[in-house]
Amino acid sequence: MSERFNVADIFGENVFNDTIMKERLPKNVYKNLKLTMEGVQELSLADADVIANAMKDWAIEKGATHYTHWFQPLTGTTAEKHDSFISAPKSDGKVLMEFSGKELIKGEPDASSFPSGGLRATFEARGYTAWDCTSPAFVREGAQGATLCIPTAFCSYTGEALDQKTPLLRSMDAINEQALRILRLMGNTTSKKVTPSVGAEQEYFIVDREKYLQRKDLIFSGRTLFGAMPPKGQELDDHYFGSIRERIAAFMKDVNEELWKLGVSAKTQHNEVAPAQHELAPIYAQCNIATDNNQLMMEVMKKVAYRHGLVCLLHEKPFAGVNGSGKHNNWSITTDDGINMLDPGKTPHENFQFLLVLGAIMKAVDKHADLLRESASDVGNDHRLGANEAPPAIISMFLGEQLEDVVMQLIDKGDATSSIQKGKLKTGASTLPDLNKDATDRNRTSPFAFTGNKFEFRMVGSSDSIAPANVVLNTIVAESFKEIADELEGSEDMQMAVHDMIKKLFTDHHRVVFNGNGYSDEWVAEAERRGLPNIKSMVEAVGSLVKPETVKMFEGFGVFTEAELKSRAEIKYEAYSKAINIEAKTMIDMAGKEIIPAIISYTTELANSVLSVKEAGADASVQADILTEVSGYLKEMKAASAKLAETVATAATFEGKAQAEYFRDTVKVAMDELRAPVDKAEMIVDKEFWPFPSYSELLFEV
Ligand code: ADP
Ligand code: MG
C-alpha cells in the first residue's frame, strides 16, 4: 500500500501563497504588496528586497538551491533559466545565499532564441522578464533538486510582448474597466473589481514509453504519421467514464499529489471517449492563474508519466481515426464581492443585468467569430476542428432551451415575461430518489456553449496555451461592454434604455445562436446561409489577427500594438511550416529506413515461400496474390516518398504565409499519399516484420 496523506495538509505546501506571505512579511510590506496586486500602486525596490529575502528563506527551507523566472514565450511551452542563490565567495571562501528585490522583479534572459516574428533582430537580443505578482511563486521539485519559480511576463527591450502572459494581463485590465461601467449602469456601486474566471479541462493520451520510443513519428512530431486502424476502435464507447486501469490510476494519483502541492486544484479525472484517452480538470481560478496552472498541469503530467514508464501525449490528434484531444475553456466574469455576471438566477427573464451581459457576449462572439476561431488554432488542432468530432470550425453559441426561450420572447414580442422552469426527473424506481433537473440539457457539439453560469469554449487544442483564447474573449467582450456603456451612460430612463438595448443586441446577433447538432452537414449549409464564417485551417485563420478591425480593437484597449499582432501572425505561419516540415521529413525517414526495408524482407520471404510451395507441387496462388498486392504498395510508397521529398524541397523556397499555404495545400497532400499505401500494407504484412508498434499495441496495451 502506498503512503497515505491528507490532501488538505499538502495542498499548496510548495506555494508562496497569501498565508505564507502574511506570516513571513512585515505588516506594511504585505499591505503594499497587496495594493500592487490590486493594481493600485507600484512596488518599491525596498519592499521588493524584503519580499525577495522572505521568499528565498522560505524556498531554501523547502530545499531550493536555485531560482528561475518562469515565463511563457510564443513557443507553446514554458521557459526558464536557472540561477543559484549563491553569491560570490567571500575572502574566507564561504558563500552566502542571496536573492534581491531586483532579481525578483526583473530578469534578463537572452531573447534572441525565442520567436519574435520580426519584432527584433537577433543582434538586439535583450529581453526582460517581469514578475507577475498576482500569480504566486512556487517551489518545484525535480531531478535537478528544488527550484523557486517566479511567474513572469516576457517583453522585448522596447516593451513589446514576446509572450502569452503580457497580453493576457492587459486584456484582464480591459474587461475589468468596461465591466465595471456596466455594473455601475445597473446601479451597482459596491463592486470594485471584475475578473475573468477560467477552468480548463485538459484531455490527453497515455502510451507506454517502451513502445513510444520505437516510433520516430511520436518522438519527433508528437503524433503517429502512419498506422492502420485496429480491429476495435472507440465504437463500443466502453472506455468513456470506464473504470480506470491500475497503471493509469497510479499515474493519476501522483499527478494529483504533485499538483496539489503546487496549489493547483486538480479535481475531476476520468477516462475519455478514445481508448488510452483521459481528462483532468481543476477547479476554476482567476484567468492568469488558471493559465499558469494549466501550463503546470501539462508539465507535471509529462514528468510524472516519464517516472511511470509512460508518455503523456498532449498532441491534438495523436491517432487517426480515434477522437483527438482538446481543452475546454470554461469562462465567466466575477466581481470581487462574489457576483458572477454570467449567473442567470432562477428567473433569467427578470435578470436585466444578466441579459445585458448575455447580449454583449452574443454580439462579441458574432462580430469576432473569426478571431475567436483563430485563438484556438494551432497546427495539431487542424485535425480536430471541422473534422466531425469535437467542435466544428464554425463558431456558434449554444444557449439551451430556457435562455433561448427568453431571448425569443424578447425578439418576437418585445418583452420576456416567463422563464421555463426546471422539472423533476422521475427515475421510475421506488428506491431511487427523483432528481432535480437542470433547466437546460447539455449540447456536446457546440464550440461555445452556455453551461449554467459560464461559457464553455471547446475549441482550444490540448497542447495549446489557453492564454490566446482568453485574451480574445476578454477583449471582445470588453469592446462590447464599452460600446454599450458609451451608448447607455447618461440615459434618462435607464431601465427602458437597457431593455431596448437587450432587445436590439438579441435581434441583431441571434444569427450566431445555434442549439442543434453542430456536426451535421445541414448546419454547415445553414451557417453559410446565415453568413457565419467557416474557417477550415489555421493558416486561413491567422489573417484575422491583422485585419484593420482587429488592430483597432486591440490597440484601443492597449492589449496588442499592430507590430505585436503582425509578429504573432508571422510566428504562427512559421510554426505551421516548421511543424509540417518536421512531419514530412519524419515520414520520409521512416518510410526509407524502416518501412520499405521491412517490406522488402517480407516480400523476399514470401517469394521464397511461393517458390518452395510450387516446387512441392502445391497451389501457391494465395501467396502469389499477396506478394503482388504488397509489391504494388511498395512501389506506390517509393514513388510517394520521392514526391513528398520534392514538395519539401520546393517548400523551402517560399516563406511566411505563402510557405505555410504551400505546406497545407501541397506537402500535406503528398504526406497523405505516402501514408495510404503504408497503412494498407500494414494490414497484410506479417506482424513480425512490421518495424514499430501498431495502433492496437499503443492504444490497448498500456
Ligand atoms: P462540466 O463541463 O462537465 O459541466 P464542471 O461543471 O465540473 O464540468 O466544470 C468544468 C470546469 O469548469 C471546471 O474546471 C470548473 O471548475 C469550471 N467552472 C465551474 N464553474 C465555473 C465558472 N463560474 N467560471 C469558470 N469556470 C467554471
Ligand atoms: Mg465541460
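This table checks each residue for (1) within 16 Å of ligand 2 (Cβ to nearest atom); (2) closer than 19 Å to LEU399 by Cβ; (3) in a helix (DSSP H, G or I); (4) outside the structural domain of LEU372 (by TED's automatic domain parsing).
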site	(1), (2), (3), (4)
VAL472	no, no, yes, no
SER491	no, no, no, no
GLY516	no, yes, no, no
VAL524	no, no, yes, no
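Which of the following residues is in the same structural domain as PHE220 (by TED's automatic domain parsing) and surrounded by fewer than 24 Cβ atoms within 10 Å (Cβ to Cβ): ARG373, ARG307?
Sole residue among the options that is in the same structural domain as PHE220 (by TED's automatic domain parsing) and surrounded by fewer than 24 Cβ atoms within 10 Å (Cβ to Cβ): ARG307.
Across region 477-505, what is the total count of residues that are surrounded by fewer than 18 Cβ atoms within 10 Å (Cβ to Cβ) and among the hydroxyl-bearing types (Ser, Thr, Tyr)?
1
Which number in (1) under 28 Å from MET37 (Cβ atoms); (2) touching a Cys at 6+ places or on another chain (Cβ under 7 Å) marks the one condition that PRO282 misses?
(2)
Within region 350-380, which residues are polar (S, T, N, Q) and more than 20 Å from VAL546 (Cβ to Cβ)?
Hits for region 350-380 are ASN351, GLN353.
Determine whether ILE580 is at pLDDT 95 or above, surrounded by 20 or more Cβ atoms within 10 Å (Cβ to Cβ) and assigned to a helix (DSSP H, G or I).
It is true that ILE580 is at pLDDT 95 or above, surrounded by 20 or more Cβ atoms within 10 Å (Cβ to Cβ) and assigned to a helix (DSSP H, G or I).
So is ASN330 within 16 Å of ligand 2 (Cβ to nearest atom) and out of contact with any Gly (no Cβ under 9 Å at 6 or more places or on another chain) or not?
The answer is no for ASN330.
Determine if region 349-362 includes at least one residue that is within 14 Å of ligand 1 (Cβ to nearest atom) and either closer than 21 Å to ILE394 by Cβ or surrounded by fewer than 21 Cβ atoms within 10 Å (Cβ to Cβ) (or both).
yes
Condition first: closer than 28 Å to GLY386 by Cα, in a loop (DSSP other than H, G, I, E, B) and within 16 Å of ligand 1 (Cβ to nearest atom). Can you find one or more residues in region 284-295 that meet it?
yes
Output the residue which, of all residues in region 443-453 that are crowded, with 21+ Cβ neighbours inside 10 Å and more than 18 Å from SER377 (Cα to Cα), is nearest to ligand 1 (Cβ to nearest atom).
Residue satisfying both the conditions and the ranking: ALA449.
Looking at region 333-348, which of its residues are within 12 Å of ligand 1 (Cβ to nearest atom), surrounded by fewer than 19 Cβ atoms within 10 Å (Cβ to Cβ) and of a type in the set (S, T, N, Q)?
Correct list: ASN340 only.
Whether any residue in region 547-556 is buried (at least 24 other Cβ atoms within 10 Å of the Cβ) and more than 20 Å from ALA393 (Cα to Cα) is what I want to check.
Yes - at least one qualifying residue is present in region 547-556.
Identify, by number, the condition in (1) crowded, with 24+ Cβ neighbours inside 10 Å; (2) at pLDDT below 95; (3) within 16 Å of ligand 2 (Cβ to nearest atom); (4) not hydroxyl-bearing (Ser, Thr, Tyr) that PRO275 doesn't meet.
(3)
Any residue at all in region 328-335 that is over 23 Å from SER135 (Cα atoms), assigned to a strand (DSSP E or B), in contact with a helix residue (DSSP H, G or I) (Cβ under 9 Å, 6 or more places away or on another chain) and modelled with pLDDT of 95 or more?
no
Looking at region 1-32 only, could you name the residues that are among the aliphatic types (A, V, I, L, M), in a loop (DSSP other than H, G, I, E, B) and over 30 Å from ALA250 (Cα atoms)?
LEU25
Counting only residues that are under 24 Å from PHE455 (Cα atoms) and touching a Pro at 6+ places or on another chain (Cβ under 8 Å), which one in region 297-324 is nearest to ligand 1 (Cβ to nearest atom)?
Step by step, filter region 297-324, then rank; the result is MET297.
Is it fair to say SER135 is modelled with pLDDT of 90 or more and surrounded by 14 or more Cβ atoms within 10 Å (Cβ to Cβ)?
Yes: the conditions hold for SER135.
Can you pull out every residue in region 61-103 that is under 15 Å from THR152 (Cα atoms) and of a type in the set (Lys, Arg)?
Once the filter is applied, which keeps residues that are under 15 Å from THR152 (Cα atoms) and of a type in the set (Lys, Arg), region 61-103 yields LYS81, LYS102.
Based on this model, can you work out whether ASP370 counts as over 21 Å from the mean Cα position of the chain (by Cα), closer than 23 Å to ASP508 by Cβ and not in a loop (DSSP other than H, G, I, E, B)?
no
Looking at the structure I just gave you, is SER631 closer than 28 Å to TYR576 by Cβ and more than 32 Å from the chain's Cα centre (by Cα)?
For SER631, the condition - closer than 28 Å to TYR576 by Cβ and more than 32 Å from the chain's Cα centre (by Cα) - is not met.
Which of the numbered conditions does PRO533 fail, given that it passes all the others? Conditions: (1) touching a helix residue (DSSP H, G or I) at 6+ places or on another chain (Cβ under 7 Å); (2) over 22 Å from HIS383 (Cβ atoms); (3) touching a residue at least 24 places away in the same chain (Cβ under 8 Å).
(2)
Residues being under 23 Å from GLN286 (Cα atoms) and not in a helix (DSSP H, G or I): count how many of those fall in region 336-358.
Residues flagged as under 23 Å from GLN286 (Cα atoms) and not in a helix (DSSP H, G or I) within region 336-358 amount to 10.
Please count how many residues of region 33-54 are closer than 21 Å to ASN288 by Cα and in a helix (DSSP H, G or I).
The qualifying residues number 5.
Would it be correct to say that ASP508 is more than 16 Å from ligand 2 (Cβ to nearest atom), acidic (Asp, Glu), farther than 26 Å from GLN421 by Cβ and surrounded by fewer than 20 Cβ atoms within 10 Å (Cβ to Cβ)?
yes
Do you know which residues across region 156-204 are within 16 Å of ligand 2 (Cβ to nearest atom), among the small types (Gly, Ala, Ser) and surrounded by fewer than 24 Cβ atoms within 10 Å (Cβ to Cβ)?
The answer is SER197, GLY199.
Yes or no: region 46-63 includes at least one residue that is touching a residue at least 60 places away in the same chain (Cβ under 8 Å), surrounded by fewer than 18 Cβ atoms within 10 Å (Cβ to Cβ) and more than 23 Å from GLU257 (Cα to Cα).
no
For GLU526, state whether it is among the acidic types (Asp, Glu) and buried (at least 19 other Cβ atoms within 10 Å of the Cβ).
So GLU526 does not fit the description; no.
Check region 28-40 and report whether any residue there is at pLDDT 90 or above, crowded, with 19+ Cβ neighbours inside 10 Å, of a type in the set (Val, Ile, Thr) and touching a strand residue (DSSP E or B) at 6+ places or on another chain (Cβ under 6 Å).
no
The values are calculated or read from the model by the stated rules, or taken from the named source; none is laboratory data. All values derive from a computational prediction rather than experimental measurement. Cβ coordinates were reconstructed from backbone atoms using ideal geometry, including for glycine residues, and neighbour counts include every protein chain displayed.
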